[in-house]
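In what follows, a structure is listed as C-alpha coordinates, so that the remarks can point back to it.
The values are calculated or read from the model by the stated rules, or taken from the named source; none is laboratory data. Here the structure is a predicted model, which means the values were calculated and not measured. Heads up, the Cβs are rebuilt from the backbone with ideal geometry, glycines too, and the neighbour counts pull from every protein chain shown. Side chains are part of the model used for accessible areas, which takes the heavy atoms of the whole protein and leaves out ligands, DNA and RNA. Shrake-Rupley method; radii C 1.70, N 1.55, O 1.52, S 1.80 Å.
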Amino acid sequence: MHQTTESKITVQKVKNSRIAQVDFKNLTFGNIFSDHMFECDYINGSWQNPTIKPYGPLTISPGAKVFHYAQAVFEGMKAYKDDNGNVFLFRPELNHERINKSSVRMAMPEFPKDIFFEALETLLQLDQEWIKPGMGNSLYIRPFSIATQVGVSASPSDQYKFMILLSPAQAYYTGDVKVVIAQKYSRSANGGVGFAKAAGNYGAQFFPTNLAKAEGFQQVIWTDANEHKYLEEAGTMNVFFRINDTLLTAPTGDRILDGITRKSVIDLAKRSHIKVEERPVLVSEVVDAAKNGTLKEIFGAGTAAVISPVSAFSYANVTYNIPSNNHEYALKLKKELMDIQHNVAEDTFGWRHQVV
Ligand SMILES: *Cc1c(COP(=O)(O)O)cnc(C)c1O
(Lines give C-alpha, C1' and ligand atoms only; values in the text may rest on other atoms or scores of the structure.)
Protein backbone atom coordinates (compact mmCIF):
# COMPACT_ATOMS: atom_id res chain seq x y z
CA MET A 1 0.00 0.00 0.00
CA HIS A 2 1.17 3.47 -0.79
CA GLN A 3 1.30 5.83 2.10
CA THR A 4 0.53 9.25 0.70
CA THR A 5 2.24 12.17 2.32
CA GLU A 6 0.14 15.30 2.52
CA SER A 7 3.02 17.67 3.05
CA LYS A 8 4.90 19.18 0.15
CA ILE A 9 8.57 18.66 -0.36
CA THR A 10 10.79 20.88 1.78
CA VAL A 11 13.34 22.66 -0.38
CA GLN A 12 16.73 23.92 0.85
CA LYS A 13 18.50 25.64 -2.02
CA VAL A 14 22.26 25.86 -2.45
CA LYS A 15 23.81 29.26 -1.72
CA ASN A 16 26.22 29.02 -4.64
CA SER A 17 25.80 26.74 -7.63
CA ARG A 18 28.78 24.56 -8.61
CA ILE A 19 27.77 24.63 -12.27
CA ALA A 20 30.48 27.08 -13.37
CA GLN A 21 33.14 24.54 -12.35
CA VAL A 22 31.73 21.84 -14.64
CA ASP A 23 33.24 21.23 -18.08
CA PHE A 24 30.12 20.09 -19.94
CA LYS A 25 32.18 19.28 -23.05
CA ASN A 26 34.28 16.69 -21.22
CA LEU A 27 32.00 14.74 -18.94
CA THR A 28 32.82 11.25 -17.74
CA PHE A 29 29.59 9.33 -17.25
CA GLY A 30 28.14 9.47 -13.76
CA ASN A 31 30.79 11.08 -11.58
CA ILE A 32 29.58 14.69 -11.31
CA PHE A 33 26.33 15.50 -9.56
CA SER A 34 24.10 18.57 -9.83
CA ASP A 35 23.52 21.11 -7.07
CA HIS A 36 20.54 19.39 -5.43
CA MET A 37 19.43 15.95 -4.35
CA PHE A 38 16.19 14.47 -3.02
CA GLU A 39 15.93 12.51 0.21
CA CYS A 40 12.98 10.84 1.95
CA ASP A 41 12.99 8.48 4.94
CA TYR A 42 10.80 5.50 5.71
CA ILE A 43 10.19 5.41 9.45
CA ASN A 44 7.42 3.72 11.45
CA GLY A 45 5.77 2.39 8.32
CA SER A 46 5.56 5.56 6.23
CA TRP A 47 7.65 7.76 3.97
CA GLN A 48 8.41 11.00 5.79
CA ASN A 49 10.13 14.37 5.40
CA PRO A 50 10.57 14.50 1.62
CA THR A 51 13.37 17.03 1.21
CA ILE A 52 15.40 18.56 -1.56
CA LYS A 53 18.75 19.81 -0.30
CA PRO A 54 22.25 20.60 -1.54
CA TYR A 55 24.04 17.55 -2.92
CA GLY A 56 26.47 16.28 -0.31
CA PRO A 57 27.59 13.40 1.90
CA LEU A 58 25.25 11.42 4.13
CA THR A 59 25.82 10.33 7.68
CA ILE A 60 24.77 6.70 8.03
CA SER A 61 25.73 4.22 10.71
CA PRO A 62 28.19 1.58 9.50
CA GLY A 63 25.79 -0.91 11.09
CA ALA A 64 23.05 -0.01 8.58
CA LYS A 65 21.73 -3.12 6.84
CA VAL A 66 22.45 -1.87 3.33
CA PHE A 67 26.19 -2.27 3.97
CA HIS A 68 25.83 -5.86 5.13
CA TYR A 69 23.02 -7.39 3.10
CA ALA A 70 22.80 -5.16 0.00
CA GLN A 71 19.15 -4.41 0.57
CA ALA A 72 19.20 -1.72 -2.10
CA VAL A 73 17.47 -1.00 -5.42
CA PHE A 74 17.94 1.71 -8.01
CA GLU A 75 16.72 3.17 -11.28
CA GLY A 76 18.31 4.88 -14.27
CA MET A 77 16.49 7.49 -16.33
CA LYS A 78 17.27 10.70 -18.20
CA ALA A 79 15.96 14.23 -18.69
CA TYR A 80 16.42 15.94 -22.07
CA LYS A 81 16.21 19.60 -23.09
CA ASP A 82 15.09 20.76 -26.53
CA ASP A 83 16.36 23.89 -28.28
CA ASN A 84 13.53 25.95 -26.76
CA GLY A 85 14.46 25.05 -23.19
CA ASN A 86 11.62 22.57 -22.67
CA VAL A 87 12.62 19.62 -20.47
CA PHE A 88 11.30 16.10 -20.93
CA LEU A 89 11.47 12.75 -19.21
CA PHE A 90 11.08 9.56 -21.22
CA ARG A 91 8.35 7.12 -20.07
CA PRO A 92 9.06 7.93 -16.37
CA GLU A 93 6.01 6.08 -15.08
CA LEU A 94 7.75 2.86 -16.12
CA ASN A 95 10.75 3.69 -13.91
CA HIS A 96 8.40 4.30 -11.01
CA GLU A 97 6.60 1.00 -11.55
CA ARG A 98 9.91 -0.82 -11.89
CA ILE A 99 11.56 0.51 -8.74
CA ASN A 100 8.49 -0.61 -6.85
CA LYS A 101 8.68 -4.09 -8.40
CA SER A 102 12.38 -4.24 -7.52
CA SER A 103 11.58 -3.05 -3.98
CA VAL A 104 8.92 -5.72 -3.44
CA ARG A 105 11.40 -8.42 -4.50
CA MET A 106 13.98 -7.08 -2.03
CA ALA A 107 11.41 -6.89 0.82
CA MET A 108 11.55 -3.09 0.72
CA PRO A 109 8.62 -0.65 0.84
CA GLU A 110 7.23 0.78 -2.40
CA PHE A 111 7.64 4.50 -3.00
CA PRO A 112 4.53 6.64 -3.62
CA LYS A 113 4.00 7.82 -7.19
CA ASP A 114 2.95 11.35 -6.23
CA ILE A 115 6.13 12.05 -4.25
CA PHE A 116 8.29 10.39 -6.93
CA PHE A 117 6.94 12.73 -9.62
CA GLU A 118 6.87 15.81 -7.43
CA ALA A 119 10.48 15.17 -6.43
CA LEU A 120 11.60 14.73 -10.05
CA GLU A 121 9.76 17.79 -11.27
CA THR A 122 10.97 20.03 -8.45
CA LEU A 123 14.57 18.82 -8.77
CA LEU A 124 14.60 19.28 -12.54
CA GLN A 125 13.15 22.76 -12.24
CA LEU A 126 15.80 23.75 -9.70
CA ASP A 127 18.69 22.19 -11.62
CA GLN A 128 17.46 22.82 -15.17
CA GLU A 129 20.65 24.68 -16.10
CA TRP A 130 22.44 21.35 -15.66
CA ILE A 131 20.55 19.94 -18.66
CA LYS A 132 22.20 21.00 -21.91
CA PRO A 133 20.30 20.99 -25.20
CA GLY A 134 21.74 19.14 -28.17
CA MET A 135 21.51 15.59 -29.41
CA GLY A 136 23.00 13.15 -26.92
CA ASN A 137 23.21 15.58 -24.00
CA SER A 138 21.08 14.68 -21.03
CA LEU A 139 20.84 14.71 -17.27
CA TYR A 140 21.12 11.16 -15.96
CA ILE A 141 18.75 10.56 -13.04
CA ARG A 142 19.55 8.03 -10.35
CA PRO A 143 16.72 7.22 -7.93
CA PHE A 144 17.63 4.62 -5.32
CA SER A 145 16.47 3.19 -2.04
CA ILE A 146 18.62 1.73 0.75
CA ALA A 147 18.06 -0.08 4.07
CA THR A 148 19.15 2.23 6.90
CA GLN A 149 18.12 0.35 10.04
CA VAL A 150 21.11 -0.32 12.26
CA GLY A 151 21.71 -3.98 13.04
CA VAL A 152 23.54 -6.88 11.47
CA SER A 153 20.81 -9.42 12.12
CA ALA A 154 19.90 -10.95 8.76
CA SER A 155 16.36 -9.66 8.39
CA PRO A 156 14.75 -6.87 6.42
CA SER A 157 15.31 -3.33 7.61
CA ASP A 158 12.42 -1.37 9.07
CA GLN A 159 13.94 1.94 7.95
CA TYR A 160 14.87 3.08 4.47
CA LYS A 161 16.14 6.12 2.64
CA PHE A 162 14.93 6.96 -0.86
CA MET A 163 17.08 9.40 -2.81
CA ILE A 164 17.37 10.94 -6.26
CA LEU A 165 20.66 12.22 -7.70
CA LEU A 166 21.19 14.04 -11.01
CA SER A 167 24.33 13.71 -13.11
CA PRO A 168 24.98 15.56 -16.39
CA ALA A 169 25.77 13.21 -19.28
CA GLN A 170 26.96 13.44 -22.86
CA ALA A 171 26.34 11.00 -25.66
CA TYR A 172 29.03 8.51 -25.12
CA TYR A 173 30.63 6.58 -27.84
CA THR A 174 31.27 3.09 -26.56
CA GLY A 175 33.74 2.34 -29.36
CA ASP A 176 33.99 -1.07 -30.92
CA VAL A 177 32.21 -3.33 -28.46
CA LYS A 178 33.39 -6.93 -28.41
CA VAL A 179 31.63 -9.38 -26.14
CA VAL A 180 32.18 -12.84 -24.69
CA ILE A 181 29.28 -15.28 -24.42
CA ALA A 182 29.22 -16.60 -20.84
CA GLN A 183 29.82 -20.31 -20.38
CA LYS A 184 30.60 -20.43 -16.67
CA TYR A 185 29.27 -17.39 -14.82
CA SER A 186 25.64 -16.26 -14.62
CA ARG A 187 23.94 -12.94 -13.98
CA SER A 188 20.59 -14.30 -12.84
CA ALA A 189 18.64 -17.49 -12.31
CA ASN A 190 15.03 -18.63 -12.17
CA GLY A 191 13.43 -17.44 -8.97
CA GLY A 192 16.27 -14.97 -8.42
CA VAL A 193 16.52 -11.19 -8.60
CA GLY A 194 17.67 -10.77 -12.20
CA PHE A 195 14.49 -8.94 -13.22
CA ALA A 196 14.98 -6.38 -10.43
CA LYS A 197 17.37 -3.45 -10.44
CA ALA A 198 18.92 -4.77 -7.24
CA ALA A 199 22.31 -3.22 -6.46
CA GLY A 200 23.92 -6.62 -5.86
CA ASN A 201 23.20 -7.76 -9.43
CA TYR A 202 25.81 -5.31 -10.64
CA GLY A 203 28.38 -6.16 -7.99
CA ALA A 204 28.18 -9.81 -9.02
CA GLN A 205 28.85 -8.96 -12.68
CA PHE A 206 32.12 -7.12 -12.14
CA PHE A 207 34.39 -10.13 -11.65
CA PRO A 208 33.34 -12.08 -14.78
CA THR A 209 33.38 -8.81 -16.75
CA ASN A 210 36.96 -8.17 -15.60
CA LEU A 211 37.93 -11.64 -16.84
CA ALA A 212 36.43 -10.78 -20.24
CA LYS A 213 38.30 -7.45 -20.25
CA ALA A 214 41.59 -9.19 -19.54
CA GLU A 215 40.98 -11.13 -22.78
CA GLY A 216 40.39 -7.94 -24.78
CA PHE A 217 36.58 -7.88 -24.67
CA GLN A 218 34.41 -5.14 -23.15
CA GLN A 219 31.32 -7.01 -22.01
CA VAL A 220 29.80 -10.39 -21.27
CA ILE A 221 26.68 -11.71 -22.97
CA TRP A 222 24.89 -13.52 -20.20
CA THR A 223 23.30 -16.89 -20.86
CA ASP A 224 20.76 -18.90 -18.86
CA ALA A 225 22.17 -20.19 -15.59
CA ASN A 226 20.98 -23.79 -16.11
CA GLU A 227 22.62 -24.75 -19.39
CA HIS A 228 24.26 -21.60 -20.84
CA LYS A 229 22.28 -22.38 -24.01
CA TYR A 230 20.22 -19.20 -24.33
CA LEU A 231 21.37 -15.62 -24.84
CA GLU A 232 19.85 -13.25 -22.31
CA GLU A 233 21.50 -9.84 -21.74
CA ALA A 234 24.65 -7.97 -22.73
CA GLY A 235 26.48 -6.48 -19.76
CA THR A 236 23.94 -4.20 -18.11
CA MET A 237 21.81 -3.90 -21.23
CA ASN A 238 19.17 -5.93 -22.99
CA VAL A 239 20.43 -7.48 -26.22
CA PHE A 240 19.13 -7.83 -29.78
CA PHE A 241 20.36 -10.09 -32.58
CA ARG A 242 19.56 -9.42 -36.22
CA ILE A 243 19.49 -12.61 -38.27
CA ASN A 244 18.69 -11.79 -41.91
CA ASP A 245 16.13 -9.01 -41.42
CA THR A 246 14.54 -10.28 -38.20
CA LEU A 247 15.38 -8.96 -34.73
CA LEU A 248 15.52 -11.53 -31.94
CA THR A 249 15.52 -10.75 -28.23
CA ALA A 250 14.91 -12.84 -25.13
CA PRO A 251 11.46 -12.58 -23.51
CA THR A 252 11.36 -10.79 -20.16
CA GLY A 253 10.73 -12.88 -17.05
CA ASP A 254 12.53 -13.87 -13.85
CA ARG A 255 15.99 -13.64 -15.36
CA ILE A 256 15.68 -10.72 -17.73
CA LEU A 257 15.30 -7.10 -16.83
CA ASP A 258 12.28 -5.46 -18.45
CA GLY A 259 14.21 -2.60 -20.05
CA ILE A 260 12.41 0.55 -21.15
CA THR A 261 14.86 0.95 -24.04
CA ARG A 262 14.19 -2.67 -25.07
CA LYS A 263 10.43 -2.12 -25.00
CA SER A 264 10.76 1.11 -27.01
CA VAL A 265 13.13 -0.43 -29.58
CA ILE A 266 10.63 -3.24 -30.17
CA ASP A 267 7.83 -0.70 -30.77
CA LEU A 268 10.00 1.40 -33.09
CA ALA A 269 11.13 -1.65 -35.06
CA LYS A 270 7.55 -2.86 -35.49
CA ARG A 271 6.51 0.61 -36.66
CA SER A 272 9.09 0.26 -39.46
CA HIS A 273 7.73 -3.23 -40.28
CA ILE A 274 10.89 -4.89 -39.02
CA LYS A 275 10.02 -8.36 -37.79
CA VAL A 276 10.74 -8.78 -34.07
CA GLU A 277 10.65 -12.13 -32.27
CA GLU A 278 10.62 -12.11 -28.46
CA ARG A 279 11.59 -15.67 -27.72
CA PRO A 280 14.44 -17.66 -26.20
CA VAL A 281 17.46 -17.15 -28.48
CA LEU A 282 19.83 -20.12 -28.72
CA VAL A 283 23.58 -19.55 -28.59
CA SER A 284 23.83 -22.20 -31.32
CA GLU A 285 21.55 -20.36 -33.74
CA VAL A 286 23.56 -17.15 -33.39
CA VAL A 287 26.85 -19.03 -33.82
CA ASP A 288 25.42 -20.82 -36.89
CA ALA A 289 24.17 -17.50 -38.28
CA ALA A 290 27.61 -15.97 -37.75
CA LYS A 291 29.16 -18.90 -39.63
CA ASN A 292 26.76 -18.79 -42.57
CA GLY A 293 26.71 -15.01 -42.89
CA THR A 294 23.08 -14.42 -41.87
CA LEU A 295 24.00 -12.76 -38.54
CA LYS A 296 23.90 -9.08 -39.52
CA GLU A 297 23.96 -7.24 -36.18
CA ILE A 298 24.10 -7.54 -32.41
CA PHE A 299 23.36 -4.56 -30.20
CA GLY A 300 22.74 -3.75 -26.56
CA ALA A 301 19.89 -1.45 -25.47
CA GLY A 302 19.71 0.54 -22.22
CA THR A 303 19.14 4.09 -20.95
CA ALA A 304 22.78 5.03 -20.32
CA ALA A 305 24.29 4.26 -23.76
CA VAL A 306 20.92 4.03 -25.62
CA ILE A 307 22.08 1.49 -28.23
CA SER A 308 25.56 -0.06 -28.39
CA PRO A 309 26.43 -1.95 -31.56
CA VAL A 310 28.58 -5.04 -31.03
CA SER A 311 31.30 -5.71 -33.59
CA ALA A 312 32.40 -9.22 -32.55
CA PHE A 313 31.65 -11.97 -30.08
CA SER A 314 33.62 -14.84 -28.68
CA TYR A 315 32.18 -18.25 -27.89
CA ALA A 316 34.13 -21.33 -26.81
CA ASN A 317 37.37 -19.46 -27.52
CA VAL A 318 36.45 -18.69 -31.14
CA THR A 319 35.93 -15.04 -32.10
CA TYR A 320 33.27 -14.25 -34.69
CA ASN A 321 33.26 -10.85 -36.35
CA ILE A 322 29.86 -9.52 -37.29
CA PRO A 323 30.07 -9.61 -41.10
CA SER A 324 28.11 -6.53 -42.14
CA ASN A 325 29.62 -3.78 -40.04
CA ASN A 326 27.28 -0.92 -40.89
CA HIS A 327 25.00 -1.46 -37.85
CA GLU A 328 21.99 -0.51 -39.99
CA TYR A 329 19.12 -1.37 -37.64
CA ALA A 330 21.04 -0.32 -34.51
CA LEU A 331 21.78 3.16 -35.84
CA LYS A 332 18.34 3.66 -37.38
CA LEU A 333 16.54 2.67 -34.17
CA LYS A 334 18.93 4.71 -32.05
CA LYS A 335 18.26 7.83 -34.11
CA GLU A 336 14.49 7.34 -34.03
CA LEU A 337 14.55 6.83 -30.26
CA MET A 338 16.82 9.81 -29.56
CA ASP A 339 14.80 12.07 -31.89
CA ILE A 340 11.71 11.34 -29.79
CA GLN A 341 13.59 11.77 -26.50
CA HIS A 342 15.02 15.15 -27.57
CA ASN A 343 11.73 16.45 -29.02
CA VAL A 344 13.08 16.49 -32.57
CA ALA A 345 10.57 13.94 -33.89
CA GLU A 346 6.84 13.68 -33.38
CA ASP A 347 5.95 11.62 -30.32
CA THR A 348 3.38 9.29 -31.87
CA PHE A 349 3.62 6.86 -28.93
CA GLY A 350 3.09 9.46 -26.20
CA TRP A 351 6.41 8.67 -24.55
CA ARG A 352 7.60 12.18 -23.62
CA HIS A 353 6.66 13.67 -20.26
CA GLN A 354 7.30 17.40 -20.15
CA VAL A 355 8.52 18.74 -16.81
CA VAL A 356 9.69 22.28 -17.54
C1 LIG B 1 18.72 -1.12 -16.23
C2 LIG B 1 19.02 -2.40 -16.94
C3 LIG B 1 18.74 -2.58 -18.31
C4 LIG B 1 18.23 -1.48 -19.20
O5 LIG B 1 16.98 -0.98 -18.83
P6 LIG B 1 16.51 0.44 -19.41
O7 LIG B 1 15.18 0.65 -18.77
O8 LIG B 1 16.42 0.29 -20.88
O9 LIG B 1 17.54 1.42 -19.00
C10 LIG B 1 18.99 -3.82 -18.88
N11 LIG B 1 19.50 -4.82 -18.15
C12 LIG B 1 19.80 -4.69 -16.84
C13 LIG B 1 20.34 -5.84 -16.10
C14 LIG B 1 19.56 -3.48 -16.20
O15 LIG B 1 19.86 -3.35 -14.91
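Overview of values
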| item | result |
| --- | --- |
| Any hit, region 38-45, residues being in the same structural domain as residue 76 (by TED's automatic domain parsing), exposed (fewer than 13 other Cβ atoms within 10 Å of the Cβ) and not in a loop (DSSP other than H, G, I, E, B) | no |
| Residue count, region 165-206 (criterion: touching a strand residue (DSSP E or B) at 6+ places or on another chain (Cβ under 6 Å), part of a loop (DSSP other than H, G, I, E, B) and open to solvent by less than 40 Å² (accessible area, probe 1.4 Å)) | 3 |
| Condition check for residue 155: over 30 Å from residue 231 (Cα atoms), part of a loop (DSSP other than H, G, I, E, B) and at pLDDT 95 or above | yes |
| Residues that are more than 8 Å from the ligand (Cβ to nearest atom) and not in a strand (DSSP E or B), drawn from region 294-308 | 294, 305 |
| Number of the exception - residue 228 against (1) within 14 Å of the ligand (Cβ to nearest atom); (2) in a loop (DSSP other than H, G, I, E, B); (3) farther than 20 Å from residue 330 by Cα | (1) |
| Considering residues of region 244-293 that are under 26 Å from residue 336 (Cα atoms) and among the small types (Gly, Ala, Ser) only, the residue nearest to the ligand (Cβ to nearest atom) | 259 |
| Single residue of region 333-356 satisfying the filter (part of a helix (DSSP H, G or I) and open to solvent by less than 30 Å² (accessible area, probe 1.4 Å)) that is farthest from residue 269 (Cα to Cα) | 341 |
| Residue satisfying all of: in region 5-37; in a strand (DSSP E or B) and more than 22 Å from the chain's Cα centre (by Cα); surrounded by the most Cβ atoms within 10 Å (Cβ to Cβ) among these | 11 |
| Any hit, region 190-198, residues being over 30 Å from residue 8 (Cβ atoms), in contact with a helix residue (DSSP H, G or I) (Cβ under 8 Å, 6 or more places away or on another chain), of a type in the set (Gly, Ala, Ser) and outside the structural domain of residue 223 (by TED's automatic domain parsing) | no |
| Cross-chain or 6+ apart pairs with Cβ under 7 Å, region 254-268 first and farther than 17 Å from residue 329 by Cβ and open to solvent by 10 Å² or more (accessible area, probe 1.4 Å), then more than 9 Å from the ligand (Cβ to nearest atom) and of a type in the set (Ser, Thr, Tyr) | 258/252 |
| Of all residues in region 224-253 being of a type in the set (Ser, Thr, Tyr) and open to solvent by less than 50 Å² (accessible area, probe 1.4 Å), the one that is farthest from residue 187 (Cα to Cα) | 246 |
| Region 310-332, residues that are away from the ligand (no atom under 16 Å from the Cβ), at pLDDT 95 or above, buried (at least 20 other Cβ atoms within 10 Å of the Cβ) and within 30 Å of residue 139 (Cα to Cα) | 329 |
| Criterion violated by residue 120 - all others in (1) crowded, with 20+ Cβ neighbours inside 10 Å; (2) part of a helix (DSSP H, G or I); (3) in contact with a Ser or Thr (Cβ under 9 Å, 6 or more places away or on another chain) satisfied | (3) |
